[in-house]
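The values are calculated or read from the model by the stated rules, or taken from the named source; none is laboratory data. Model, not experiment: these values are computed from the prediction. Cβ placement follows ideal geometry from the backbone for every residue including glycine, while neighbour counts extend to all protein chains displayed.
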Amino acid sequence: MSRIGKKPIIIPTGVEVKVTEIGIDVRGPKGELGMKLPRGVSVDIQDGVISVRPITETKQDRSSWGTCRAKIANLINGVTGGYEKKLEIEGVGYRAVVEGSELVLTVGLTHPVKVAAPIGVAFLVQKNVITVSGINKEAVSQTAAKIKAVKVPEPYKGKGIRYQGEKIRRKVGKKAAGATTK
C-alpha cells in the first residue's frame with residue numbers, strides 16, 4: 001500500500017477541480033493547470049476531498065498511485081500559492097539581467113547565455129539572486145535546473161550558480177611544496 005497515495009487531498013475554497021475520462025483540470029486564483037491521468041488510477045471527488053485509488057493491484061498501477069496523488073496535490077498548491085526557486089550567482093563579474101521574457105547570464109563564458117522563460121514562468125533578479133516563479137512546479141524546477149547547468153559551482157573557489165542555501169563541498173587547492181635539505 002502506498003502511504004502517500006492513501007492520503008486524501010482537501011480542495012481549498014476558490015479552487016475548482018474537474019475530472020474527465022483522460023485527465024484532471026484544476027482552476028484557482030492564480031490560473032489553471034491540468035494533467036493526463038495514468039491508465040491504472042482512478043480519481044474520485046466527494047465533499048471537497050479528492051481520493052486517488054489504483055484500479056487493479058498490478059505493480060505498475062501501484063507505482064503510479066502515489067505519484068499521481070503527489071502530482072494532483074502539486075497542481076492544487078500551484079493554483080493557490082504558486083512555486084518559486086531562488087538561485088545565487090557567485091563570482092567576480094558574474095551577473096544576470098532580465099530582458100523581456102529572457103534571462104541573460106554573464107558568467108565567465110565567451111558569450112552571454114540567454115535562457116528563455118517557458119509559458120507560465122517568470123524571472124526576477126535582485127543583486128546576485130535569481131528568482132524563478134510560476135504555478136507549475138515541474139516547469140519552475142526544470143527552468144531553475146537549466147539556469148544552474150549554465151555554470152555549475154566549481155569546488156575550489158565556489159564560483160558559479162547554485163540554489164539558495166546549497167552548500168558546495170570545497171576541495172583544497174595545490175599547496176607549495178616545502179623545500180627540505182639534507
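Residue-wise test of (1) closer than 30 Å to Met35 by Cα; (2) assigned to a loop (DSSP other than H, G, I, E, B); (3) within 18 Å of the chain's Cα centre (by Cα).
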residue: Thr110; (1), (2), (3): no, yes, no
residue: Glu138; (1), (2), (3): yes, no, yes
residue: Gln142; (1), (2), (3): yes, no, yes
residue: Lys146; (1), (2), (3): yes, no, yes
residue: Ala149; (1), (2), (3): yes, no, yes
residue: Tyr156; (1), (2), (3): no, yes, no
residue: Ile161; (1), (2), (3): no, no, yes
residue: Lys167; (1), (2), (3): no, yes, no
residue: Val172; (1), (2), (3): no, yes, no
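The set of residues from region 30-52 being more than 13 Å from Ile72 (Cα to Cα) and surrounded by 13 or more Cβ atoms within 10 Å (Cβ to Cβ) comprises Lys30, Gly31, Gly40, Gly48.
Is there a residue being touching a Pro at 6+ places or on another chain (Cβ under 9 Å) and farther than 29 Å from Val121 by Cα anywhere in region 2-11? Scanning region 2-11, I find at least one residue that is touching a Pro at 6+ places or on another chain (Cβ under 9 Å) and farther than 29 Å from Val121 by Cα, so the answer is yes. Only one of the listed residues (Val104, Val49, Val121) is in contact (Cβ under 8 Å) with a residue 40 or more places away in the chain and of a type in the set (A, V, I, L, M, F, W, C). That residue is Val49. Among the numbered conditions (1) crowded, with 18+ Cβ neighbours inside 10 Å; (2) closer than 17 Å to Asn136 by Cα; (3) not basic (Lys, Arg), the only one that Leu105 does not meet is (2). Kindly indicate whether Glu88 is surrounded by fewer than 19 Cβ atoms within 10 Å (Cβ to Cβ), part of a strand (DSSP E or B), in contact with a helix residue (DSSP H, G or I) (Cβ under 9 Å, 6 or more places away or on another chain) and modelled with pLDDT of 95 or more. In short, no.
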